[in-house]
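The values are calculated or read from the model by the stated rules, or taken from the named source; none is laboratory data. On a predicted model such as this, the values are computed, not experimentally measured, just so you know. Here the Cβ positions follow ideal geometry from the backbone for every residue, glycine too, while neighbour counts run over all protein chains shown. Only protein heavy atoms, including side chains, enter the accessible area calculation; ligands, DNA and RNA are left aside. Shrake-Rupley method; radii C 1.70, N 1.55, O 1.52, S 1.80 Å.
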Amino acid sequence: MNHFNRFAMTAVPALCVALQAYAYPTWVEGGTYAAGTIVAYQGHDYKALTTHTAYVGTGWTPSTTPTLWQDLGTQSNGTPTPTPTPVPTPGGCTPWGSTTVYTAGQCIIYKGKMYRAKWWAQNAEPGIDPWGPWEYIGDVSVPPTPTPTPVPTPVGPTPVQIPPEKVSAIATGNSVAISWTTAPRTMPSVNRWDLVENGTVVFSGTYDNKSSPSCRDYWYTSGQLHFDGHICSGGTTLQNVAAGAHTYIVNVYFSGDQDRPIYTTEPFSVTVAPPVQLSGVEVKTWRGAAKGAYSMVHDDFCNSSVSQSHTTIAEPELTKRGLVAAFGAITAECQPAHWTAAQTFVTHGHEIANHSRNHLPAGSSDANWVNSVEIGDSVQDVKTNLNGYQMTYFIWPYDTATDAALAYLRTQPDYLGGRGSNRDLGGGNIEYVGRPAGVNAANFSDPYMVKWDVFTASGQWSLYPMGSEILNLHVDAAIDQGGWATRTMHGVSDNAYDGYEPVPVARYLGHLDYVKAKVDAGLLWVATPSNVIRYRYAREACAPTLNGSQVVFNAGNADCVKYATPLTLELSASVSAINVKQGATALAVKALGGGKFRVDADPLAGPLSVFDQ
């Protein structure tokens, strides 16, 4: 039920009226009138259509507010309808009464029979004594009841469903989300609402805290009834609410009277669960507790013979499956259309990696190679054209690097790592001893020597047998070894001359489907190279510890800040269901059974608080 706090009504003086007549009370400004109340005003009677208060100064008189009052016509003084005279029974006979005095000749009916009085009689039951005062004259004949002519039901407007009041309180951990909506009412300007518990205001919604009540016009018509008013609503989320049961009401206030609410909701309740004591926390090796990790890297983005397949085949097909990859940009070759495409790549979660500024013919041993240009200025090219985007992963041209160039890369503060390189000794001499090909261990130690496997149509440079599906075998190796595999590719095309060793379209799409199936099975985590490096080092740098019902990260560690990325945690507790909050945010929890739960959390977003569900 909805109710208004009523202002005291001005008393209405009694009126003297003629016998069997009375007048309805006179309408008074400032009074509160329940729906159905009839009042007199300026010679007419009016019936209230909805409960309301005629606030002083609003001018809501019966004659000027047809949405509040129905005009019943000229004042009637309420004269009662006279009691109808009983209709005589057939033949002039009346039902017999034991105390009635009957004289000779009067006819009565008793138990379906008619009798005539022989003489004066009283309290003599008819039909008992044949020698008594009653003469039997026949049975009562009851004519059949005529079948009434059906009267068609008037077809009127479909009744309008008036929305009821709605209130709710939903607890998530120690937060309580409050929402309320009034039933339709004729209300003046509303500018404040209070949430009250046990007589204490626990929250006040105002324009200052952006939680002021929001009201909208509402009207309905049903037959002769018309309403034009408002529905108001509001809400907030309470934080750090004590465990236990809580009961609230909402008071809504008129801007002209801040002391007395014009609307009060029904009470509504919620129970906040207590905190849960945890017995264990473990950081999973890979995001989502996958068995292995996998990164795909497309080299030579912005190269004219390769980029079109990146933008029209590779990226759309990856995104369609919810997969991500890195695209190695040669920044000096990027045109406006490439920057536009790169922005789309970033929006879809892909990484733009640095494949040097010019991709010089002899790589880092080329006479024109300058570390600050090829490794540094290329970063600035991307920042300028991609709204400040910071590249963090480097791909060496031809997968070779001089010792000096590699040392320079390691000193650059914004990089996280790079693809492993063969050693360029200069003069065209490349040292291939300890080739940087393979699967990276889960705890790989050098992020600037990330191992990889390159695609060629024949598979001649691959770890896997020539003629096999080297694309999928590299994925299987990551899962089997519990490590991280990276796949080097260039373009995607059925034309073998579109860049270096393009992946045929059918093989590429088949590989993406294979990868997606492994992801869906929970076996594989697909991420960009930089995000895998972040996860691997955040596992250690941000290592969480238990503090009762909380999980606390080592967020003060400088490496935790550098590598921070959401970590997958497995929590242990002696309950069957939990809620986990990080600050005011409720985190998604997956129950694994046996008191085990999985959750992803950002180490820099604060400790986790765990509650019984």
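Once you reduce the stretch 371-408 and the stretch 114-138 to the center of their Cα atoms, the two points are 127 Å from each other. Normalised by the number of residues in the chain, the mean separation of alpha-carbon contacts (under 8 Å, six or more apart) gives a relative contact order of 11 percent. Accessible area per residue for the chain is 49 Å², calculated with a 1.4 Å probe on protein heavy atoms, without ligands, DNA or RNA.
With angles folded into 0 to 90 degrees, how steeply does helix 529-541 sit against the dominant principal axis of the chain? Use alpha carbons for both and round to 10. Compared with the principal axis, the helix lies near 80 degrees.
Using a probe of 1.4 angstrom, how much of the accessible area of the stretch 292-404 is carbon and sulfur, in percent? Carbon-and-sulfur percentage of accessible area, whole number: 50. Distance between the 7 Å Cα→Cβ label points at residue 247 and residue 591: 3.0 nm. Computed on the stretch 517-580, with alpha-carbon pairs under 8 angstrom and 6+ residues apart, the relative contact order is 29 percent. Simple rule: put +1 on each Lys or Arg Cβ and -1 on each Asp or Glu Cβ in the chain, find the dipole, and look at 385, 449, 114; the Cα lying farthest toward the positive end is 114. Which residue, 239, 276, 286, has the largest displacement toward the positive end of the dipole of the stretch 235-293 when charges sit on each Cβ (Lys, Arg +1; Asp, Glu -1)? Most positive-ward Cα: 286. Binning the alpha carbon pair distances of the stretch 271-329 at 5 angstrom intervals from zero yields the distribution 4, 14, 16, 14, 11, 8, 8, 7, 6, 5, 5, 3, 1, expressed in whole percent. For the listed peptides 278-288, 120-130, a ranking on the average number of other beta carbons within 10 Å per residue, highest first, reads 278-288, 120-130.
Between the Cα long axis of helix 470-481 and the first principal axis of the chain there is an angle of about 80°, rounded to the nearest 10. Could you tell me the calculated FRET efficiency between residue 457 and residue 277, based on Cβ-Cβ distance and R0 = 60 angstrom, to the nearest 0.05? Calculated transfer efficiency: 0.55. Most tightly packed first, judged by the mean number of other beta-carbon atoms within 10 Å of their residues, the peptides 326-337, 64-75, 106-117 read 326-337, 106-117, 64-75. Note on residue 362 and residue 442: the extension gain reaches 25.5 nm, defined as 0.36 nm multiplied by sequence separation minus the Cα-Cα distance. Summary of packing: across the peptides 465-472, 389-396, the per-residue average of other C-beta atoms within 10 Å ranks them, highest first, as 389-396, 465-472.
Between (i) 43.9, 153; (ii) 32.7, 107; (iii) 34.2, 115, which matches Rg and Dmax of the Cα atoms in Å calculated for the structure shown? Looking at Rg and Dmax of the Cα atoms in Å for this model, the match is (i). Carbon and sulfur: what percent of the stretch 510-597's accessible surface (1.4 Å probe)? For the stretch 510-597, the apolar C and S fraction of the accessible surface comes to 49 percent. Rounded to the nearest 20, the Cβ-based charge dipole of the chain about its Cα centre (Lys and Arg +1, Asp and Glu -1) stands at 1560 debye. Amide H contacts of residue 186 (H built 1.01 Å from N, in plane; Pro and chain starts excluded): 230 sit under 5 Å, all sequence-distant by 5 or more or on other chains. Straight-line cross-link partners of residue 516 among the lysines, defined as a Cα under 19 Å from its Cα and at least 8 positions apart when in the same chain: 291, 320. Helix content alone sets the calculated 222 nm mean residue ellipticity of the chain: runs of n ≥ 4 DSSP H residues at -39500 (n - 2.57) each, divided across all residues, give -4000 deg cm²/dmol. Name the residue from 578, 69, 432 whose Cα lies farthest towards the positive end of the charge dipole of the chain, charges +1 on Cβ of Lys and Arg and -1 on Cβ of Asp and Glu. Working it through, the farthest residue towards the positive pole turns out to be 69. Do any of 47/210; 383/518; 210/383; 451/562 go past 29 Å between their Cα atoms, and which? Where the Cα-Cα span goes over 29 Å, the pairs concerned are 47/210; 383/518; 210/383. Of all aspartates and glutamates in the structure, those lying under 19 Å Cα to Cα from residue 113, and not within fewer than 8 positions of it along the same chain, are 125, 129, 135, 139.
Averaging sequence separations of C-alpha pairs under 8 Å and six or more residues apart, then dividing by the length of the stretch 354-418, give the relative contact order as a whole percent. Dividing the mean separation by the residue count of the stretch 354-418 yields 39 percent.
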